[in-house]
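S.K.: Sharing a structure below in C-alpha cells format, with a few things to ask.
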Amino acid sequence: MPASPSSSAQAARQALAARLRDLRLDAELTVRELAHRAGWSHSKVSRIENARTGPAPEDVRIWARECHADGRAEELVAALRAVDGMWIEWSRMERRGLQKAQESVRPLYDRTRAHRVYDSWLVPGLLQTMGYTTVILHATRRRRGLIDDVEAAVAERMDRQHVLYDSRHTFVFLLEEAVLRAGIGGREVMREQLRHLLTVGFLPNVSLGIVPMQPDRSAMRPVEDFWIFDNAQVAVELVSGYLTITQPSEIKMYVQAFQELGALAVFGDSARSLIHRAITVLG
C-alpha cells in the first residue's frame, strides 16, 4: 500500500493491521510462531502488524488460515481492498485507459445528493464543455503515456453531466477567478467554456461562486481542488493520484475550508460580471 498524503488512509491501514494482530493474539501465537507457520520472516509479520508494510490479499488469507480464522479471510481481504482504494495512483486508476477511469467514479456522482466543489486551476468536469474536456484529456493522455481512448472518455464525462439536470441533486461550485483566465485550449475553447458557465449558472439547483483575485488572501489562501460528496466523503486530485477521505474529522476540515472560501466568493450578477470580464479579455 503506497504512502498516502492523508491520515485517513493511514488510519484505515492501522485499523486493518490491528485486526490482523488481534487474530494472532486470539490464536495464542507469537510473532515468530505465526511467521514459522506461514513460511515468512518474523520481521514481515512485525511490519504488517505495525502498518509499516501492506499485506497482499494472499498474505491476509494465509494469516487467517494459520490463525484458525479461515471464515474471516474474505472479510479482511475486502477491508484491505477498501484501504487500497483510499489512495489510488493515476497509473493504477488509469491502467485500462481514461474511459474506464471516468466510468469508475460515475456511481459516486449518481448517488450523491449534495455536491460541493472547489477548484483553483480548472473548470470542474461537471461544468466543462466538450472542447475544454477534450483538450484536458488529450494532455493527460500524452503526459501519462496512456492508450488513446480520449474520444470515449470525453463522451463518458459529458454523459455524466446529466446529474446537473436532475432536481434531486444540488450543487455549489466555487472557482478561483484564475480558473477563468487559465487559457486552457486557447481563446476559442476558453470563450465557449466561459459562456457555458454563464448558462449553467442559471440552473435552479446550481450555485456558482467565483473567488475574486485580490491583493490579500491571508485569511484563506487557495488550496488543492476538492469535491465533497454529501457529508460522506471528500475526493482530492493530486499530481500523483486520487485521494478519498472518509475520516469524519478530516471531512469536517474540508467542509470548514469550503465555508471559508465561500465567504470570499461572489455569486449571481457579481460572479457573472467576472466571467464577462474574462470573456472580454479574450477578445
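The values are calculated or read from the model by the stated rules, or taken from the named source; none is laboratory data. These numbers come from a predicted model, not from an experiment. Neighbour counts are summed over all protein chains in view; Cβ atoms, including those assigned to glycine, are modelled from backbone coordinates with ideal geometry.
S.K.: Say we look at the stretch 11-49 and pick out the residues that are assigned to a helix (DSSP H, G or I) and among the β-branched types (Val, Ile, Thr); which of these is surrounded by the fewest Cβ atoms within 10 Å (Cβ to Cβ)?
M.R.: Among those residues, the one meeting the criterion is VAL31.
S.K.: Going through the stretch 188-214 one residue at a time, which ones are free of Cβ contacts under 8 Å to residues at least 60 places away in the same chain and in a helix (DSSP H, G or I)?
M.R.: Answer for the stretch 188-214, where residues must be free of Cβ contacts under 8 Å to residues at least 60 places away in the same chain and in a helix (DSSP H, G or I): GLU188, THR199.
S.K.: Going through the stretch 50-71 one residue at a time, which ones are over 14 Å from ARG19 (Cβ atoms) and not in a helix (DSSP H, G or I)?
M.R.: Answer for the stretch 50-71, where residues must be over 14 Å from ARG19 (Cβ atoms) and not in a helix (DSSP H, G or I): ARG52, THR53, ALA56, HIS68.
S.K.: Of all residues in the stretch 162-177, count the ones that are in a strand (DSSP E or B) and under 12 Å from ALA114 (Cα atoms).
M.R.: 4
S.K.: Follow-up. Counting only residues that are within 28 Å of the chain's Cα centre (by Cα) and not in a helix (DSSP H, G or I), which one in the stretch 263-283 is surrounded by the most Cβ atoms within 10 Å (Cβ to Cβ)?
M.R.: Looking at residues that are within 28 Å of the chain's Cα centre (by Cα) and not in a helix (DSSP H, G or I), I get ALA265.
S.K.: Do you know which residues across the stretch 124-141 are without any contact (Cβ under 8 Å) to a residue 24 or more places away in the chain and of a type in the set (Gly, Ala, Ser)?
M.R.: The answer is ALA139, and nothing else.
S.K.: Of PHE258, PHE226, which residue is touching a Lys or Arg at 6+ places or on another chain (Cβ under 6 Å), at pLDDT 95 or above and aromatic (Phe, Trp, Tyr)?
M.R.: After ruling out the rest, the residue left standing is PHE258.
S.K.: Quick one: what pairs do we get from the stretch 265-283, first residue farther than 15 Å from SER207 by Cβ, second among the polar types (S, T, N, Q), C-beta under 8 Å, 6+ apart or different chains?
M.R.: Listed pairs, sorted by first residue: none to list.
S.K.: Still on this model: Just checking: which of the helices (runs of 4 or more DSSP H) contained wholly in the stretch 73-142 hold 2 or more residues that are surrounded by 19 or more Cβ atoms within 10 Å (Cβ to Cβ) and among the polar types (S, T, N, Q)?
M.R.: Passing ranges, in order: 98-104.
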